[in-house]
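Quick notes on the structure that follows.
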Amino acid sequence: MKSVRQKMVGTIADIEKMELERLRSRVERLVAAIDEAMETETSDAYDTFAPPVDICENKNTVSVWFELPGVRRESIELTVSAKEIVLEGDKAHSPVTERATSHFCCERRYGRFHRRIILRWAVNINEVSAELRDGVLHLRLPKLIDRRGKSVKVDVIADEGGQSE
């Protein structure tokens, strides 16, 4: 029979193992986020910019929101593959009704835009949907069921009558 001290040592070891597993998981998520940030493609060209993006996920879907105020649907090129999302297009200058004599501030971006996002989820690219509303492009990517780590029972057939060659 285990003593109280042996039970406490076992419990402490279990707690430490659980904490190490939790720390490992957090480090893996951090490394994935760093990799994603480093793989994000932006351009430093004069007229090219990368629109801001939000990425969220739930159990069944990955949602991506691109901020594209003033961009028309016809100006957007959106491509999704199993590995990445690529958004490209043009944002035209808005027509000026009054002739400006001088600019005091010019923070809005115009011209060509480009954004590339690496997917770290398995998604069903055949069921992706996108909607542009009020200057925000919402992309919905349904997740595929991840089969890694799933075990499958395999029946073994015995060849009882013949000899192996």
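Side notes on the structure shown:
- Taking each residue of region 122-141 that is closer than 17 Å to LYS91 by Cβ and looking for partners that are modelled with pLDDT under 95 and not in a strand (DSSP E or B) with beta-carbon atoms closer than 6 Å, six or more apart or interchain, yields LEU132/ARG73; GLY135/LEU68; GLY135/PRO69; LEU137/LEU68.
- Residue check for VAL154: hydrophobic (A, V, I, L, M, F, W, C) and modelled with pLDDT of 90 or more: no
- Among residues of region 102-135, those that are at pLDDT 90 or above, closer than 23 Å to GLY70 by Cβ and surrounded by fewer than 14 Cβ atoms within 10 Å (Cβ to Cβ), counted: 5
The values are calculated or read from the model by the stated rules, or taken from the named source; none is laboratory data. Everything numeric here is computed off the predicted structure, so don't read it as measured data. Cβ sites come from the backbone with ideal geometry, for glycine too, and all protein chains shown count toward neighbours.
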